[in-house]
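Working notes, structure below.
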Amino acid sequence: LVLLLLKYVRRLRAERDDLVLDFQGNLKCGFHSLRVRGKRTVGFARGHCKAAAHIFYGKKFVPPPQAVHRVEKAFSLAFGSFEKGKIPRPGLQIPDEILRRAATSIREIVDPTEGLVIMHPGTSVFGAFKRWPAERFGLLARRLHEATGAHTLITWGPGERKLAERAAGSSEETALVAPATGSILELAGLIGHGTLFVAADSGPLH
């Protein structure tokens, strides 16, 4: 393990970068930015990063007070300034064939013309503490249907089928379990057809 670590550090030291930006702002990433031989190393100032990461940076950046969210802080670090509503949103490129298959599979289950809600109750095992109870998703699906007439599909990933069934089972038949998806892109294809998406802080939400 020590030999692997030394080899890894040597690889970092072999880098010759003009600029190193540390968006994470923790001790581990601060150490990495120190090991890389960058002409300039920039990270968040004391009070805006974790532990004592600021000691590793040549230039310490103070984000503007309106940059509250982590994404906003990172944007301000990269561009040196920040304005609300000015962050360019990256697009997720989903192949047309995946979108077509998703639309077909949805129409085979529900009529989306009155609105389609997609819910994803699952998270990673590590993020399980973020999960909202499955029954709450079912209750929300029922209330949305009563208020708007929208139908709900409960999406799921590996090992989450029973979780999706619990959510759908508590919805009084206003939510159905979505078809299986074989990849993140296929899941994104289903989500992309929704009028509203409800999930925990997780990969599918992002």
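The values are calculated or read from the model by the stated rules, or taken from the named source; none is laboratory data. Quick caveat, the model's predicted, so the values are computed rather than measured. Cβ coordinates were reconstructed from backbone atoms using ideal geometry, including for glycine residues, and neighbour counts include every protein chain displayed. Surface accessibility is based on the protein's heavy atoms, side chains included, excluding ligands, DNA and RNA. Shrake-Rupley method; radii C 1.70, N 1.55, O 1.52, S 1.80 Å.
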Being in contact with a Pro (Cβ under 8 Å, 6 or more places away or on another chain), farther than 21 Å from Glu108 by Cα and part of a strand (DSSP E or B) is the filter here; which residues of region 149-206 pass it?
Ala199
Flagged pairs (Cβ under 6 angstrom, 6 or more apart or on separate chains; first in region 94-110, closer than 10 Å to Ala178 by Cα; second open to solvent by 100 Å² or more (accessible area, probe 1.4 Å) and in a helix (DSSP H, G or I)) are none
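Quick check on region 69-78: of everything there that is aliphatic (A, V, I, L, M) and within 19 Å of the chain's Cα centre (by Cα), which residue is least open to solvent (accessible area, probe 1.4 Å)? Write out each step before concluding.
If we filter region 69-78 for residues that are aliphatic (A, V, I, L, M), which is where we start, we get 71, 74, 77-78.
Cutting the leftovers down to within 19 Å of the chain's Cα centre (by Cα) gives us 71, 74.
Working: Val71: 82, Ala74: 26 Å².
Here the answer is Ala74.
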Checking Gln66 against (1) in a loop (DSSP other than H, G, I, E, B); (2) loosely packed, with under 10 Cβ neighbours inside 10 Å; (3) of a type outside the set (Ser, Thr, Tyr): exactly one of these is not met. Which one?
(2)
Of all the residues that make up region 111-162, how many are small (Gly, Ala, Ser) and under 17 Å from Val177 (Cβ atoms)?
7
Kindly list the number of the only condition in (1) on the phi > 0 side of the Ramachandran plot; (2) open to solvent by less than 40 Å² (accessible area, probe 1.4 Å) that fails for Ala53.
(1)
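What number of residues in region 105-146 are assigned to a helix (DSSP H, G or I) and open to solvent by less than 80 Å² (accessible area, probe 1.4 Å)? Reasoning before the result, please.
If we filter region 105-146 for residues that are assigned to a helix (DSSP H, G or I), which is where we start, we get 105-107, 112-114, 128-130, 134-146.
Now restrict to residues that are open to solvent by less than 80 Å² (accessible area, probe 1.4 Å): 105-106, 112, 128, 134, 137-142, 144-145.
Total meeting the criteria: 13.
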